[in-house]
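Asker: Here's a structure for you.
What follows is calculated from the coordinates using simple rules that are stated; it is not laboratory data. This one's a predicted model, so the numbers in the text were calculated from it and none came from an experiment. Note that we place each Cβ from the backbone using ideal geometry, even for glycine, and neighbour counts take in every protein chain shown.
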Amino acid sequence: MSKKKIIIIVLAVILLGVIAFFAVKKEKGNSKDVQSAKVERGQVVHKVAASGRIQPVVEVAVSADVAGRVIRMAVKEGDWVEKGKFLAQLDATRYKADVDRAEQVLASAEASLSLAELEKNQQFELFQKKLVSELIYQGALVRYQQGLSQKKQALAALAQSKDNYNKTMMFAPMSGTVTLVNKEVGEMALGSAFSRDIIMVIADLNEMEVLVDVNENDVVDVALGDTTEIEIDALQDTMFQGIVTEIAHSAQNTGQGSLDQVTNFKVQIRLLDPPAEIRPGMSAAVDIRADVRNDVLFVPIQSVTMRKPKQLQEKQDDELNRADSSMNEDGDKDLEPVEVVFVLVDNEKGKGKEAIQREVVTGIIGERDFEIISGLELDDEIVTGPYKEISRGLNDGDKVKVTKRKKFNAGEEKK
């Protein structure tokens, strides 16, 4: 073999190698790096997140019904009191004087009534003997009836004055812990029928609840009896259990009339086995288990995206081709985006994998997963990332390369 032929053969081999190298490089360049996972079966829990504050289930505010200066305080914050225990005393000098005055008015009314009764009886006897006219007898009878009325008025005034006098002494309406004392000895309590001047607050700390605000979009998923997970800010790393006991029927709006308007509903959640350390007013975060599905297929939330049916696999394309050529309103609806998941399958040439779009029907949404009602099978390999590729970049039939998720290492970056 001549030297010239050897050179030609070597150059041909090199050329073929270069062509093969660029072909492989182009093949790799056309593929997209993705992460994948298998479709799993298990439990999916739909949770509604809310936040609020701890408060007693039963709490009573003891207020002054009459005005007076506080002259004695028998309890302090944190004291346990039994129902009926003496709590505080207001200055009763004026009210005791009112009682004495009412008693004297009653005594005077009783004396006047006795005299009117004697006069009535005497005039009645004389009238029967026709010694006085009927007019005189009727006058005596009217005076007697007026005496009865004055006595009843005096009795009512005495009852009212005694009631005011008794209200200067306050007693515990229930057994519980004094959580707030709002007055000191010497301060004035402004009793009124139209506004409350709270002296102290008594609460049963053995039964506590969390009052939370639930957004109007989530409250429809909440039902009485739903179990909850409660995390109290003051007691980190401890999860408490609760149960929904009441859901408000009327909404509360904040920022009404502005772009920041929010509509919430109050939801009461009873704490099961509340710890002794908690206090009314503590902040708490709540996860309400609104729905639980067991033994269902599920995929990560980021794996589900939206595509139009015309971008789906041949099955959807065939169904669209069989539709009437004159597109009606129902046909327009078929072109609306649907939920899809990208499933990894082996390439027809046996080189690598490709992503196939598959329409799915989803159920409830968990913290990290979507329930899959139909469209996938157990152990199907699906694309789970990156989200940018799933949401926009990835198309039906694209070649992909499964890689591990890249993690940012701050230490290496610093080096």
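Asker: Averaging over all projection directions, find the projected area of the Cα convex hull of the stretch 27-112 and quote it in nm² with one decimal place.
Answerer: Answer in nm², one decimal: 17.2.
Asker: Hey, another quick one. How about the stretch 191-227: which GluC sites (Glu not before Pro) there are in a DSSP loop, with at most 14 other Cβ atoms within 10 Å of their Cβ?
Answerer: Here the GluC sites (Glu not before Pro) that fit, given the DSSP loop and packing criteria, are 207.
Asker: Within 10 Å of each residue's Cβ, count the other Cβ atoms and sort 342, 370 from fewest upward.
Answerer: Arranged by neighbour count, lowest to highest, 342, 370 become 370, 342.
Asker: Would you mind counting up the charge near residue 51? Only other residues with Cβ under 12 Å from its Cβ, with Lys and Arg at +1 and Asp and Glu at -1.
Answerer: So the surrounding residues net to -3.
Asker: Post the alpha-carbon centroid distance, the stretch 347-384 to the stretch 240-297, in whole angstrom.
Answerer: Computed from Cα coordinates, the inter-centre distance equals 34 Å.
Asker: May I pose another question? Give the order of 114, 250 when sorted by the count of other beta carbons within 10 angstrom, beginning with the fewest.
Answerer: Neighbour counts put them in this order, fewest first: 250, 114.
Asker: Viscosity 1.567 mPa s, temperature 4 °C: Stokes-Einstein D of the stretch 93-166 from its Kirkwood Cα radius, in µm² per second?
Answerer: 96 µm²/s
Asker: When only Cα pairs under 8 Å and 6 or more residues apart are kept, what is the percent relative contact order across the stretch 81-231?
Answerer: Across the stretch 81-231, relative contact order equals 33 percent.
Asker: What number comes out for the charge environment of residue 40, summing +1 per Lys or Arg and -1 per Asp or Glu over other residues with Cβ under 12 Å away?
Answerer: In short, -4.
Asker: While we're looking at this one, here's another question. For the stretch 162-319, what number results from the quotient of the Cα radius of gyration and 2.2 N^0.38 Å?
Answerer: 1.65
Asker: Another question, if that's okay. Got the relative contact order for the stretch 93-166 handy, in percent, Cα pairs under 8 Å and 6 or more residues apart?
Answerer: 54 percent
Asker: Exposure proxy check: 187, 354, 359 ranked by fewest other beta carbons within 10 Å?
Answerer: 187, 359, 354
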